[in-house]
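The values are calculated or read from the model by the stated rules, or taken from the named source; none is laboratory data. The model shown is predicted, which means the values in this text are computed figures rather than measured ones. As a convention, Cβ positions derive from the backbone with ideal geometry for all residues, glycine included, and neighbour counts pool all protein chains shown. Ligands, DNA and RNA are excluded from the accessible area calculation, which covers all protein heavy atoms including side chains. Shrake-Rupley method; radii C 1.70, N 1.55, O 1.52, S 1.80 Å.
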Amino acid sequence: MFGSTLNLNGFLGDNEVFDYLYGIFDQDFVKQRTMLAGSIYLDPKGQGMRNGREEVFWHITTRDRTIRVREGNRYVNRTTRPLDPDRASRIGWIRPIVTNHCHADIKLFYRKETKGKKPVRLYLWAYDHDFVVIVQKLGASDAFLVTSFYITEPYKRASYEKWYNEYHAGTKPELSGCEWF
């Protein structure tokens, strides 16, 4: 299920890398229907489009980076979203994780986001590979891929372990009966 990560070196620039990565995303999610649990369609357009590509494509290949820039006599923070090689090189893992969510290498759990009135989301954590796929339900039989990413900080790994254990221990009342399948 987990092939080697993609080698993203040797491309002439970000546009060439994004074109290559989009070919994989397009094959896995646009040209064919990706189903979760055999009955929930992962709609690649669930978050809309940006720059001619599905918004989620940018979430699974880039990462927010804040930089300080000088404007006149002061410095301001600017947020950019450049290529994240750790995420992007694992783009080919997303579909197999979704379609094989019951595999022993995947820790599946639901979590209610803490900010705002967020719905419960499904986390598919390839724990031995430090890679997470997050899915949000749209309706009875549709969902969308929120994001996926490689865990780079040890404290984040500890958070996912905690959330996984809380869900499976049944200690979060807001998650009672939240399962989609």
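From Phe144, Phe149, grab the single residue that is touching a strand residue (DSSP E or B) at 6+ places or on another chain (Cβ under 8 Å), over 17 Å from Thr34 (Cα atoms) and modelled with pLDDT of 90 or more.
Details: Phe144 fails: over 17 Å from Thr34 (Cα atoms).
Result: Phe149 is the single residue among Phe144, Phe149 that is touching a strand residue (DSSP E or B) at 6+ places or on another chain (Cβ under 8 Å), over 17 Å from Thr34 (Cα atoms) and modelled with pLDDT of 90 or more.
Look at the stretch 123-181 and say how many of its residues are assigned to a strand (DSSP E or B) and of a type in the set (D, E, K, R). Give the steps one after another, and end with the answer.
Taking the stretch 123-181 first, the residues assigned to a strand (DSSP E or B) are 123-126, 131-137, 142-150.
This time we only want the ones that are of a type in the set (D, E, K, R), so: 137, 142.
Total meeting the criteria: 2.
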Evaluation of Ser4 against (1) in a loop (DSSP other than H, G, I, E, B); (2) open to solvent by 70 Å² or more (accessible area, probe 1.4 Å); (3) modelled with pLDDT of 95 or more (one fails), failing number: (3)
Some residue of the stretch 45-52 being open to solvent by less than 30 Å² (accessible area, probe 1.4 Å), part of a loop (DSSP other than H, G, I, E, B), touching a Lys or Arg at 6+ places or on another chain (Cβ under 7 Å) and of a type outside the set (S, T, N, Q): no
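I'd like to check something: does the stretch 111-119 contain any residue that is crowded, with 17+ Cβ neighbours inside 10 Å and of a type outside the set (Gly, Ala, Ser)?
At the first step, the residues of the stretch 111-119 found to be crowded, with 17+ Cβ neighbours inside 10 Å are 111.
Keeping just the survivors that are of a type outside the set (Gly, Ala, Ser) gives 111.
Yes, the stretch 111-119 contains a residue that is crowded, with 17+ Cβ neighbours inside 10 Å and of a type outside the set (Gly, Ala, Ser).
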Unmet requirement for Glu55, which otherwise passes all of (1) touching a Gly at 6+ places or on another chain (Cβ under 6 Å); (2) touching a residue at least 60 places away in the same chain (Cβ under 8 Å): (2)
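Just to be sure, is Arg111 in a strand (DSSP E or B), in contact with a Phe, Trp or Tyr (Cβ under 8 Å, 6 or more places away or on another chain) and touching a residue at least 60 places away in the same chain (Cβ under 8 Å)? Write out each step before concluding.
Numbers: in a strand (DSSP E or B): yes; in contact with a Phe, Trp or Tyr (Cβ under 8 Å, 6 or more places away or on another chain): yes; touching a residue at least 60 places away in the same chain (Cβ under 8 Å): yes.
Judged against the criteria, Arg111 is a match.
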Selected residue (criterion: nearest to Leu124 (Cα to Cα)) from residues of the stretch 56-82 that are crowded, with 16+ Cβ neighbours inside 10 Å and of a type outside the set (Phe, Trp, Tyr): Ile60
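Considering Ile106, Ile40, which residue is more than 16 Å from the chain's Cα centre (by Cα), buried (at least 18 other Cβ atoms within 10 Å of the Cβ), in contact (Cβ under 8 Å) with a residue 12 or more places away in the chain and closer than 27 Å to Tyr127 by Cα? Spell out the reasoning first.
Values: Ile106 fails: more than 16 Å from the chain's Cα centre (by Cα).
Just a single option satisfies the conditions, and that option is Ile40.
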